[in-house]
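The values are calculated or read from the model by the stated rules, or taken from the named source; none is laboratory data. From a predicted model like this one, the values you see are computed outputs, not experimental measurements. Methodologically, a virtual Cβ is constructed for each residue, glycine included, from the backbone with ideal geometry; neighbour enumeration extends over all protein chains shown.
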Amino acid sequence: MKGRRLPDTPSGDFPEGIQAGDYWKPLADNGEPLTVSVPGNLTSGVWWVAAPMPSGSFALGRLTNHTVREEDDGTISVRPGDGSSNSILLKGAAGQEFHGYIEHGEWSGA
């Protein structure tokens, strides 16, 4: 599934019209992207994602322990072996889950 890059949004708020596969950066009070210092995150970036679930719904998650690469075209990639335990695992309603990666905005299950 191909995701969409949504506008960067102040931390604590969510963009309108979130759909499965979407992703965006949360912004600090000064308008700059949030950053973290976590051993498995080689880029220090923070991202929100709407991970696609098998039912067509999504589960929201904040990626802080992952190395998320922002590509030149604005898409993101979360690749295997790029940092520490870089696969994304999010659980949704009724026991559904997404476990996998993102490559140039394209979600793929592991």
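Among the listed residues 65, 86, which satisfies the condition of being surrounded by 13 or more Cβ atoms within 10 Å (Cβ to Cβ), closer than 24 Å to residue 109 by Cβ, touching a His at 6+ places or on another chain (Cβ under 6 Å) and at pLDDT below 95? Steps first, please.
On the way: 65 fails: touching a His at 6+ places or on another chain (Cβ under 6 Å).
The match here is 86.
If I go through segment 8-28 residue by residue, how many of them are at negative phi and within 13 Å of the chain's Cα centre (by Cα)?
First, the residues of segment 8-28 that are at negative phi: 8-11, 13-16, 18-20, 22-28.
Filter once more, keeping what is within 13 Å of the chain's Cα centre (by Cα): 8, 18-20, 22-26.
Of the residues in segment 8-28, 9 are at negative phi and within 13 Å of the chain's Cα centre (by Cα).
Test each condition in (1) modelled with pLDDT under 95; (2) more than 14 Å from residue 104 (Cα to Cα); (3) surrounded by 12 or more Cβ atoms within 10 Å (Cβ to Cβ) for residue 60 and report the one that comes out false.
(1)
Is there any pair linking a residue in segment 10-31 that is more than 18 Å from residue 78 (Cβ to Cβ) to one that is among the basic types (Lys, Arg), with Cβ under 9 Å and at least six apart or on different chains, and which?
19/4
Tell me the residue from 31, 81, 45 that is within 11 Å of the chain's Cα centre (by Cα) and either among the small types (Gly, Ala, Ser) or on the phi > 0 side of the Ramachandran plot (or both), please.
Working: 31 fails: within 11 Å of the chain's Cα centre (by Cα); 81 fails: within 11 Å of the chain's Cα centre (by Cα).
Every option except 45 fails the conditions.
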